[in-house]
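Below is one structure, written out as structure tokens; comments come after it.
Read-outs throughout are calculated quantities, based only on the coordinates presented, and are distinct from any laboratory measurement. Note that the structure is a prediction, hence the values are computed from the model and not measured. Counting neighbours? That spans all protein chains shown, and the Cβs are built from the backbone with ideal geometry, glycine included.
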Amino acid sequence: MFKISTIESPSQYRLVLEGKLIAPWTKELGSECAKARADLDGRELVVDIRNLTTISQEGENVLLELMSAGARFRCCGVFTKQVLRQLAGRKRTKDRETTR
């Protein structure tokens, strides 16, 4: 099961993710993020992953794309913090490769 909730404020567009970020839900997240980016109007995109219980490799790839596009993340707990640390490392490696 997977759920995406949106919370909008004058400064943020927050996507709250809950459950298992696995196929086919990764495509749903991609579509929802595309809608969110089109509706930002200068607001910050924040992805809240505190309530994710499982993240597949495909899910990590979607989160990495969001990270590369400038989204900020909210997390807590060992699991989600470790996933974000690994993704940040992958992003740094990817950024170094593109600047060479």
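Is it the case that G70 is under 9 Å from the mean Cα position of the chain (by Cα) and either touching a residue at least 24 places away in the same chain (Cβ under 8 Å) or surrounded by fewer than 18 Cβ atoms within 10 Å (Cβ to Cβ) (or both)? Answer is no for this residue. Among the residues of the range 61-100, the ones that are in a strand (DSSP E or B) and in contact with a Lys or Arg (Cβ under 7 Å, 6 or more places away or on another chain) come to 1 in all. For the range 30-61, taking the residues that are among the aliphatic types (A, V, I, L, M) and without any contact (Cβ under 8 Å) to a residue 12 or more places away in the chain, the one that is farthest from Q86 (Cα to Cα) is identified as A38. Only one of the listed residues (E8, E28, E58, E18) is more than 13 Å from the chain's Cα centre (by Cα) and charged (D, E, K, R). That residue is E8.
Within the range 38-60, being part of a helix (DSSP H, G or I) and surrounded by fewer than 14 Cβ atoms within 10 Å (Cβ to Cβ) holds for A38, Q57.
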